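First the structure, in the form of structure tokens, and then the observations on it.
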Amino acid sequence: MAQSLSSSAQKVQNALQKLGLSLQVIELPNSTRTAVEAAQAIGCEVGQIVKSLIFKTKHSERPILVIASGSNRVNEKTIEVLITEPLGKADAEFVRQRTGFVIGGVPPLGHSEALETFIDEDLFQYDEIWAAAGTPHAVFRLKPDDLPRMTNGRIIKIK
């Protein structure tokens, strides 16, 4: 019995299927907007939550996706060195326009455009992790090795 997903969550499910990944998007009754809320709703460690953070480069206004472990804070200087440009904050409208998703539900894939992506090496200490799936209530379980395949991202130390 397939559950009916919201349109944003279905968009993520379709992107997973297009990549040939048999991962299942689920929608939960409780919010998964923050890493702590998501960990509580799922019943896992905060570090197992995949935070998909969008930054905007200051000069070229490119979106940069940083996929971080829920327990880590991104060291923006590390990213700036790699992209050779300062990072700025991406507001909610920029995030929605460039990814097709709202803050709190940004998944690691299925975006409106290809995003330069960096993946937190700390996620690879876990057997399974959980990522947002298009809404603040939708998630999917994956293995850390799925992230480079779905994002073409570079694995780095982000803290």
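Restricted to segment 114-133, and to residues that are touching a Lys or Arg at 6+ places or on another chain (Cβ under 6 Å) and of a type outside the set (Phe, Trp, Tyr), which residue is nearest to Asn72 (Cα to Cα)?
In this case the residue turns out to be Glu121.
So for segment 30-50 (the condition being more than 20 Å from Glu128 (Cα to Cα), buried (at least 19 other Cβ atoms within 10 Å of the Cβ) and not small (Gly, Ala, Ser)), does at least one residue qualify?
No, segment 30-50 contains no residue that is more than 20 Å from Glu128 (Cα to Cα), buried (at least 19 other Cβ atoms within 10 Å of the Cβ) and not small (Gly, Ala, Ser).
Can you report the number of residues in segment 109-129 which are closer than 18 Å to Leu28 by Cβ and buried (at least 21 other Cβ atoms within 10 Å of the Cβ)?
1
Among (1) closer than 23 Å to Lys11 by Cβ; (2) crowded, with 19+ Cβ neighbours inside 10 Å; (3) in contact with a strand residue (DSSP E or B) (Cβ under 7 Å, 6 or more places away or on another chain), which single condition is Ile79 missing?
(1)
Right, Glu61: crowded, with 16+ Cβ neighbours inside 10 Å, at pLDDT 95 or above and more than 17 Å from the chain's Cα centre (by Cα) or not?
No, not satisfied.
Give segment 12-23 a look and list any residue that's surrounded by 16 or more Cβ atoms within 10 Å (Cβ to Cβ) and either of a type in the set (Val, Ile, Thr) or in a loop (DSSP other than H, G, I, E, B) (or both), or say none.
Once the filter is applied, which keeps residues that are surrounded by 16 or more Cβ atoms within 10 Å (Cβ to Cβ) and either of a type in the set (Val, Ile, Thr) or in a loop (DSSP other than H, G, I, E, B) (or both), segment 12-23 yields Val12, Leu21, Leu23.
Of everything in segment 130-159 that's surrounded by fewer than 16 Cβ atoms within 10 Å (Cβ to Cβ) and part of a helix (DSSP H, G or I), which residue is modelled with the lowest pLDDT?
This residue is Arg149.
Considering segment 66-93 alone, what residues qualify as being under 26 Å from Ile129 (Cβ atoms) and in contact with a helix residue (DSSP H, G or I) (Cβ under 7 Å, 6 or more places away or on another chain)?
Those that are under 26 Å from Ile129 (Cβ atoms) and in contact with a helix residue (DSSP H, G or I) (Cβ under 7 Å, 6 or more places away or on another chain): Val66, Ile67, Ser69, Gly70, Ser71, Asn72, Leu87.
I'm told Ile26 meets every condition in (1) assigned to a strand (DSSP E or B); (2) surrounded by fewer than 18 Cβ atoms within 10 Å (Cβ to Cβ); (3) in contact with a Pro (Cβ under 7 Å, 6 or more places away or on another chain) except one. Can you identify the failing condition by its number?
(3)
The values are calculated or read from the model by the stated rules, or taken from the named source; none is laboratory data. All figures in this text were calculated on a predicted structure; none of them were measured in a lab. All Cβ positions, even for glycine, are placed from backbone atoms using ideal geometry, and neighbour counts span all protein chains on display.
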